[in-house]
Amino acid sequence: MGIIAASSSSTKRVLILGSTGSIGVQTLEVIEHLNTLESKGESSVRYEIVGLAAGSNHEQLAAQAIKLGVRDLAIASMCEEFDQSSFNFRIGKDAARRLVEEVPCDLVVGAIVGIAGLDSVYRAIQLGINVALANKETLVAAGELVIQAAQRSGSKLFPVDSEHAGVWQCLQSLSNSYCPPMSAPKSIDRVILTASGGPFRTHTRDQIENASLNDALNHPNWTMGAKVTIDSATLMNKALELIEAHWLFGLDANRLGAVIHPQSIVHAMIECTDSSVITQMGAPDMKAPIQHALSFPKRIQGCASKLDVTKLSHLDFFEIDPDRFPAINLAMSVIKEGGDAGAAFNAANEQAVNAFLNNKIPFGMIDQSVARIMNDWDTQPINTIEDVYAADSKARECIDRLCEVIAEKSQ
Ligand code: MG
């Protein structure tokens, strides 16, 4: 299904995968706002939520479903005592994928965190459904297969990640028809993503090594889930986003860069061959990129916080120090390497973040252990989604073994 077919309809049927997470909840708020505008005659598209998927929070999922009148639901793990009779529930690890297969829709919002989001988003793309993509791990782990599938099916990927939504909007200033998956035009020298620098932006490496869980979860600008907040503190989030940008916009590592920008106002920049730099700015509020992905190609009155530029005294940009934040160079190697390196990198990071959240390794071991796994990784091509999952499992086992060694040493 192409962009024109989806947007010419007066009703857009939406499936929200990951509806109880941070992006999912904000997506529901944006849809409520857009439907209020439609009911006042200020917008011509009505959004009908036809299905919701969550990981394990059945109470919140059921509350959302009752409020929105949604019957078709999916949940990865379910509490046995819960009365499911009012709903049509799919239960299990493949529940979100079955929801995509069984419930007709015009747009899937892919907001499940981590590799758990791959299966359902990949299926939506194979079926030719447009995806508003917040799950960066899908592209990091399986970008090659996902992009090939999108090119075959005609499915479009509307970036919800704020930096990629920024790049996309910068590219739209060159042509309205630009939409991922795409190859950035030759008139673009380089795409630069901004990173807030997280809570440890000014810390020494020694301080970073032993940062506490509370410090790492205390992001200065953005309110997000635990995984992405920890990823922001290691700058692994930016590393994953560089790989994501590589796939969305068809850019090699030498046309990608990242800078620290503590204010999180400029989300992305594109450096043009004619020496112009085009930027996208906005308050750090995920509702803005969510709305853009939902309403593209139209721009409608937004519900996100507005940016008042007169309140900004300065905007700062700094180079990223590779000694304190090795994640960025690791990402560039992964892009150059291709094959299953992305799947290994993503899985190693997810597993290391889990180990840190469970108090098994110190903060500084997250990026160090990922670096060690990638250093020894024997990259193989990926031909099927099973190859992606095989690399994912292998990298997780490597991290688990490393965590055991670290735990023994610290005793
Ligand atoms: Mg982002």
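The values are calculated or read from the model by the stated rules, or taken from the named source; none is laboratory data. Note that this is a predicted model, so its numbers are computed, not measured. Quick reminder, even Gly has a Cβ in these numbers, built from the backbone with ideal geometry, and neighbours come from all protein chains shown. Ligands, DNA and RNA are excluded from the accessible area calculation, which covers all protein heavy atoms including side chains. Shrake-Rupley method; radii C 1.70, N 1.55, O 1.52, S 1.80 Å.
Note on segment 158-187: among residues that are more than 21 Å from Met281 (Cα to Cα) and open to solvent by less than 30 Å² (accessible area, probe 1.4 Å), the one that is farthest from the ligand (Cβ to nearest atom) is Pro185. Of the residues screened, Asn210 is one that is polar (S, T, N, Q) and either in contact with a Lys or Arg (Cβ under 7 Å, 6 or more places away or on another chain) or more than 15 Å from the ligand (Cβ to nearest atom) (or both). Considering segment 25-36 alone, what residues qualify as being touching a Cys at 6+ places or on another chain (Cβ under 9 Å) and among the hydrophobic types (A, V, I, L, M, F, W, C)? Correct list: Val30, Leu34.
Being free of Cβ contacts under 8 Å to residues at least 12 places away in the same chain and farther than 29 Å from Glu241 by Cβ is the requirement here; does Glu102 meet it? Taking the combined requirement at face value, the residue does not satisfy it. Return the pairs, sorted by first residue and then second, in which the second residue is among the β-branched types (Val, Ile, Thr) and open to solvent by less than 20 Å² (accessible area, probe 1.4 Å), the first residue lies in segment 292-308 and is touching a residue at least 12 places away in the same chain (Cβ under 8 Å) and closer than 16 Å to His164 by Cα, the beta carbons are less than 6 Å apart, and the residues are 6+ apart or on different chains. Within 6 Å, the pairs are Ala293/Val160. Inspection of segment 367-384 finds a residue satisfying the criterion of being closer than 28 Å to Ser264 by Cα and open to solvent by 60 Å² or more (accessible area, probe 1.4 Å). Of all the listed residues (Glu102, Glu59, Glu48, Glu81), the sole one being under 20 Å from Ile125 (Cβ atoms) and of a type outside the set (Gly, Ala, Ser) is Glu102. Scan segment 234-273 for residues that are of a type in the set (D, E, K, R), closer than 25 Å to Val309 by Cβ and more than 15 Å from the ligand (Cβ to nearest atom) and jot them down. Across segment 234-273, the qualifying residue is only Glu271. State whether one or more residues within segment 228-243 are open to solvent by less than 50 Å² (accessible area, probe 1.4 Å), more than 19 Å from Ala355 (Cα to Cα) and more than 16 Å from the chain's Cα centre (by Cα). No, that holds for no residue.
Would you check which residues across segment 114-136 are out of contact with any Asp or Glu (no Cβ under 7 Å at 6 or more places or on another chain), open to solvent by 10 Å² or more (accessible area, probe 1.4 Å) and in a helix (DSSP H, G or I) and list them? Hits for segment 114-136 are Ala116, Tyr122, Gln126. Can you work out which of the residues in segment 137-155 that are open to solvent by 10 Å² or more (accessible area, probe 1.4 Å) and touching a Pro at 6+ places or on another chain (Cβ under 7 Å) is farthest from Val25 (Cα to Cα)? Only one residue fits best here, namely Gln151.
Entry remark, segment 274-297: residues being among the aliphatic types (A, V, I, L, M) and either at positive phi or within 16 Å of the ligand (Cβ to nearest atom) (or both) number 6 in total. Look at segment 175-204: where a residue is assigned to a strand (DSSP E or B) and a partner is crowded, with 20+ Cβ neighbours inside 10 Å and aromatic (Phe, Trp, Tyr), sitting 6+ places away or on another chain with Cβ atoms under 7 Å, you get Val191/Phe249. Whether a residue is more than 18 Å from Ser22 (Cβ to Cβ), basic (Lys, Arg) and modelled with pLDDT under 95 was assessed, and Lys298 passes this test. Open to solvent by 10 Å² or more (accessible area, probe 1.4 Å), touching a strand residue (DSSP E or B) at 6+ places or on another chain (Cβ under 7 Å) and among the hydrophobic types (A, V, I, L, M, F, W, C): is that true of Ala96 in this structure? Yes, satisfied. Of all residues in segment 134-156, those satisfying the criterion of being over 21 Å from Thr379 (Cβ atoms) and either small (Gly, Ala, Ser) or without any contact (Cβ under 8 Å) to a residue 60 or more places away in the chain (or both) are Ala134, Ala149, Ala150, Gln151, Arg152, Ser153, Gly154, Ser155.
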